Each structure stands twice: as structure tokens, then as C-alpha cells.
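Everything below concerns the one structure shown next.
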Amino acid sequence: MSKLIDGIVPALCTPFDSNGEVDSGVASALAGSLIGAGVKGFFVCGSTGEGRSMTVPERQRMGEVVVESVAGQVPVILHVGATETVNAVELARHAAAAGADAVGSVAPIEKPNDLEAAVQHYRSIGETSDLPFYVYWLANDADRTVTAEQYLEAMESVPNFAGFKFTDTNFYLFEQLVSLSDGKLNAVTGPDEMCLAGLVMGSDGAIGTTYNIMPRLFNHLFESFHSGDIRAAMAAQKKANRVLSMLFRYGALSATKVILQWQGFDVGSTREPYDAVSPEAQANLRKEVETLGFEIE
């Protein structure tokens, strides 16, 4: 099975209009702009895409819009988890019908930190279609009691298991998963602030929130690393982390949506449980951005 992800992949923000509905036009425009900036795919309706707060029909609509807009230019992975298994299966079936390139899922929300329950959940999704299946390893939801060997052995029963998005800080475990799978799995990192560290430890690419607003900077980081210019890659990561440190203070996703608004994409505000950035906080964020000395792009 070939590796779909090879580069920088935004976890695409879901735009909501003034009525709180998925804004298809803005979603299409944002995806087109990011493709123009050189991104290598999209991860749709995950944490950044606010899939947990969306209904099944809303997630299906967002998936359809992105697949149609992208039109095969880059791979589209639809997140079908963060819901009951029966809904995840329905979403996976729809993803195949809609023309997605792959599906992904976190561990079951009703039984986090339980590898046996996770494998049962993943197996149900993997059996639904022939699409490659990506596990979204979240530090808080993963079973941290198992070794890399035990995890990979358990996952052998999951049909179409193609790779994983690793949102964790334990890069030793990440490297073990990469090495023990003989590089056959598409290994992708999640923490934007450690994108370069993931590359050093063997990642094929990265999926993240701030690639919505800084695609060119992270593409430069990725390309610099692979060309052997490590100092340039380090400089890019440090520059990105200056932005990230600001975003964390205001709520990373909510602040990312604010910056997307400033970049010309009317994505609306975040849904609960995320708090919107107040007008006063937005003014303060604007001042901080102006002190950076470089464009966020």
C-alpha cells in the first residue's frame, strides 16, 4: 500500500457561516488557496475541523465539499471517529462513496486508553471499505501501557491499516513504531511545534492546525530538512513557534480562525467546547502579530 502523505498536510478548519452551518464556498476557497501554497493533502473533520461538535450530515457535507473542490489534486483523508462506532462506520461508508482517498479515526470516545476496545472500533471502520485507514494517536486517548511491539501486533487485525497520525510528545515511541513496521506504515506527526523533531525521528509528513495559516513556512521547513539544510529548517521551526506561542495564549484553534479571517477567509468562530476570541483579545493578538517582524503565511 503506497503512502498517501509525504509533506505538509493541514488539518483543515471547518468554516461556519452566520447561521452556524458549514460554509461550502469558504471551505472550497480555503482548500484552493492552500493547494496553491503547496500543501500535500488535507485531513478533514478531525479536532481542528471540529468534527466532535458536528453532526453526521454536517461531516458528510464538509467531506463532499473538500473532495469535490480538491478534485484529486492532493489526497483527502476524512476523519470518521470521535463518535460512536455506528456513526464512524456510516461516515466511512460515505467517505468511500464521496471519493475520499482515506479515512482516519481516534480511539473510541466511550472507551479511551483501552487498546482492545480501540482495535475493535478500528476493525469495524477498516472493514467498511477498501480505503486506507489511518489511526489518529492522541496522547490523552491512547493506551499508554502497551509497547510499540504490542500495539503493532494488535493492529495486524485491522483491515487496510495504512498509517498513523501521532499527536504525542513521546518521539521515542514514534520512532519505535516507524522502525518496527519497517517503514511500511505512513508515519505522520501531529504537534506543529515539533514538526522538525518528527522529521528527524522518521516521519513522512505532518498534519496540523497552523498549516492552515502558515503553509509556506512549514513547506520551507520540510523542504529544507530534506535538502539537508538543517539550520534553515531549525530557523523555520523557531519562527513558527513564535507564532504558536501566541496562539496558545488565546486558544490555538480559535486564534487560528481569527488569523484566517484576517487572511481573507470568513471561517466564522469556533463551536463549543472552544471559546471564541473576544474582540479585546483579538486586538491584543493583532498587536502581537505586528511585532513579529515577518508575515504569517
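The values are calculated or read from the model by the stated rules, or taken from the named source; none is laboratory data. What you see is a predicted model; the values in this text were computed from it and never measured. Here Cβ is always computed from backbone atoms with ideal geometry, including for glycine, and neighbour counts include all displayed protein chains. Side chains included, ligands, DNA and RNA excluded: accessible areas come from the protein's heavy atoms. Shrake-Rupley method; radii C 1.70, N 1.55, O 1.52, S 1.80 Å.
Of the heavy-atom accessible surface of the chain (probe 1.4 angstrom), what whole percent is carbon and sulfur?
In the chain, the share of accessible area belonging to carbon and sulfur is 48 percent.
Given the -39500 (n - 2.57) contribution per DSSP H run of 4+ residues, what per-residue ellipticity at 222 nm results for the chain, rounded to the nearest 500 deg cm²/dmol?
Value at 222 nm, helices only: -14000 deg cm²/dmol.
Longer than 19 Å from Cα to Cα, which of Lys3/Lys165; Lys111/Lys257; Lys3/Lys238; Lys165/Lys257; Lys257/Lys287; Lys165/Lys239 are they? Say none if no pair is.
Check vs 19 Å cut-off fails for Lys111/Lys257; Lys3/Lys238; Lys165/Lys257; Lys165/Lys239.
How big is the charge dipole of the stretch 124-215 about its Cα centre, in debye rounded to the nearest 20, if each Lys and Arg gets +1 on its Cβ and each Asp and Glu gets -1 on its Cβ? List each step's numbers first, then the result.
On the way: 3 positive and 13 negative charges, 37 e Å.
Around 180 debye, computed over the stretch 124-215.
Between Gln120 and Ala96, what's the calculated FRET efficiency when r is the beta-carbon distance and R0 is 25 Å? Round to 0.05.
It comes out at approximately 0.75.
What accessible surface, in Å², does a 1.4 Å probe find on His220, ignoring ligands, DNA and RNA and rounding to the nearest 10?
Per-residue accessible area (His220): approximately 90 Å².
Taking only the alpha-carbon atoms of the stretch 116-191, what semi-axes of the equivalent ellipsoid follow from 5 times the gyration tensor eigenvalues under a square root, in whole Å, largest first?
19, 13, 12
Among Gly163, Asn219, Gly202, whose Cα projects farthest towards the positive end of the dipole of the stretch 146-228, with charges put on the beta-carbon of Lys, Arg (+1) and Asp, Glu (-1)?
Asn219
Can you give me the span-like helices of the chain, meaning DSSP H runs with 20 Å or more of Cα extent along the axis and Kyte-Doolittle mean at or above -0.5?
Those that pass (Cα extent of 20 Å or more, hydropathy at least -0.5) are 56-70, 230-250.
Work out, step by step, the length gained on full extension between Glu68 and Val146: first 0.36 nm times the residue separation, then minus their alpha carbon distance; give nm to one decimal.
24.1 nm
For volume of the Cα convex hull per residue in Å³, several values are listed as [x] 174; [y] 118; [z] 134; flag the one computed from this structure.
Here volume of the Cα convex hull per residue in Å³ agrees with entry [y].
Which value, in debye to the nearest 20, describes the size of the charge dipole of the chain about its Cα centre when Lys and Arg Cβ atoms bear +1, Asp and Glu Cβ atoms bear -1, and nothing else is charged?
Values: 21 positive and 37 negative charges, 135 e Å.
It works out to roughly 640 debye.
Taking only C-alpha pairs under 8 Å that are 6+ residues apart, what is the relative contact order of the stretch 192-297 in percent?
This gives 26 percent for the stretch 192-297.
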